[in-house]
Amino acid sequence: MKTEVIIIKSETLALKVIQALELYANPHFAGKNVQTRIRDLADLTPSQRQELLNNFRNRLTVKVIPATQVVEIRFRSPDSEMAANVANSLVDEYVQRNLAARVDGTAQLAQWVSRRMQEIRASTMAAREKLVASQRAESTLATDVNENLIPNRFKQLNEELTQATANRIVKEGLYRLASSGNAEVIGSLAPSTTLRALRTQETDLSAQQAQLSATFGNSYPRLREIHERLGEIKDAIQTEQTNITTLLASEYDTAAKAESTIRNQLEGERAEAYSANEHGSHYAILKDEVEFGQQLYDMVQLKLKETNMASGTASPSVSVVDRAQVSDRPVEPRKALYLAVGLVGGFFGGLILGIVMDSFDDTVRTSRELEALTVLPELGTVPRFATGSQKKRLKRAESSELVSDFDPITVREPNSPAAEAYRALCSTTLLASPGNPPRLLVVTSAMPGEGKSTVSRNLAALLAQRAKRVLLVDADLRCSSIQAQLGERPGLSTIFAAAPDSYHCYQPLAALPNLDVVPAGFRPRGSMGPTEILASGWMQQQVARWRSEYDHVIVDTPPVVPFADALILAARADGVILVARSEVSRTESLLRARDLLSRSGANILGFVLNGVKRPKYYYEYPSRYRAQYVRLSGSSSV
């Protein structure tokens, strides 16, 4: 059955179906490669023909129904009528091919016997010419030989020789075809019930083997038994085919010996006839040869017809169980199934993807995670908030006469959740050392982009709102965001290079005159880099001076891990605030920053987690209450 499936899938049958139905001109089959100007497959290029064959194979499904000898053929196409026509046409072509293959052995035998019949006819015509020539030479008439020369025995031997010769010719043809070793030809020339039974058993066992192998795998114990049984049956089939070939050889040998024996007897009778009547015997022999040739020709032709009839009735046939019908509904897309599979697959796929991404994601999300990781206290958690646009900031700056874009959210939106979070941070920082609030605070982070400058600005603004003299020092001489907000102004680097004995500070907010800011200045160029400037004696003098002039000094420094600038100032500060950003800061960099600060002798007050998604305990007053709250708070301040 596997062989038959391969034959059904063959290129020969596929090309016949494509040619018969003109599928190359059907857009539902050929698609964009449709060919409407050709009338035969021979007009196609090899690549076009191969593409049609590949398309045909991809749409065709041929399988054997388990435990049966029934083959199921399916063909898929957007055109339901074309799909049914292709399946039916393929079955018809296969049946025609099967019939042709079944009678192939008989056709070969007929060709061989036809050649021998032509030889017999030629020899008979030659004998007839000799008979006519003998009659003319001896002036004899065509009389009945049986009355004058030979007995009835001579005629009987002649008939027996005719039958024996015809039988030997047919047996020789069968033996020659069987000697080719073609199992299909042997089965058609000499049908055997034993051979049929063995092939049926082989088919059933092969189907069982394929079914068990697909269900239980190749290690199933029953498969070993079936495999051994298949080997035995194949050996038995080979033995049976050998026996059939041997039988045909024996029959051919027996027929040849019988012909030789009868021919020798006839020759003896001829010799006696010659001795009795030379002239009559010569005429009789010639006449006998003519009659013998004619009878032999007729007998061989009759035997050939009998062989064709027996072969045709003995050959197994192929029958169609159900022909393909036009489907009443499409087989695909199966929307309900695809939707269910998509939902289930998407759910589990997303779940697995989330687990994988979470396993590779080492960023910190909550303050609880950060506190467990660094073993540092939490000073505050700042929710994520959106900054105002540049246009609104400039407008606000013009109305409030700000000198720059320095606009912390604690001043811009004092009643926002972010401003409340910064107030809690300010209170926690001041209470970190009861009775001795830190005067010099260093704000830093592990890596860039974690919000340390934002925390520094808002913390400085809140301390200034408490009627304290506050100085915000931008010590990030590498990439300062505060410097960008204040504009191109002289700062630490400029003062260090030009006027070491003085420094310039600015008041960016008119509403907070007690808040001074020292920007970073221009990036230093020369032998003295940022680290050397911050570690110089001049910087130590400036820090001491700031301590004496201000209540609180907030120093914004570069990140700890990539640069050593923050470690120099952290060792001289009263406290260090480590800023991290939710879903951005990584565990390795935070641990590295904590270790570096601890080794430098810095007093780490705790951490601030910035950019957190707004927790449930943050809330905003509705608009009608917010206005009243602002109005009441304003009247109370007055």
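Give me Thr245, Thr587 ranked fewest to most by other Cβ atoms within 10 Å of their Cβ, as a rough exposure proxy.
Thr587, Thr245
The Cα center of segment 212-250 and the Cα center of segment 48-67 differ in position by 29 Å. When each of the peptides 574-586, 83-95, 539-551, 321-333 is scored by the mean number of other C-beta atoms lying within 10 Å of its residues, the order from highest to lowest reads 574-586, 83-95, 539-551, 321-333.
Running Debye on segment 2-102 with equal point scatterers at the Cα sites and no solvent, what base-10 log of I(q)/I(0) appears at q = 0.10 Å⁻¹? Normalising to I(0) and taking log10 leaves -0.27.
Listed from fewest to most Cβ neighbours within 10 Å, the set Leu472, Leu23 follows the order Leu23, Leu472.
Every number in this text was worked out from the coordinates using simple rules, so none of it is lab data. Just so you know, these numbers come straight off a predicted model, no measurement behind them. All Cβ positions, even for glycine, are placed from backbone atoms using ideal geometry, and neighbour counts span all protein chains on display.
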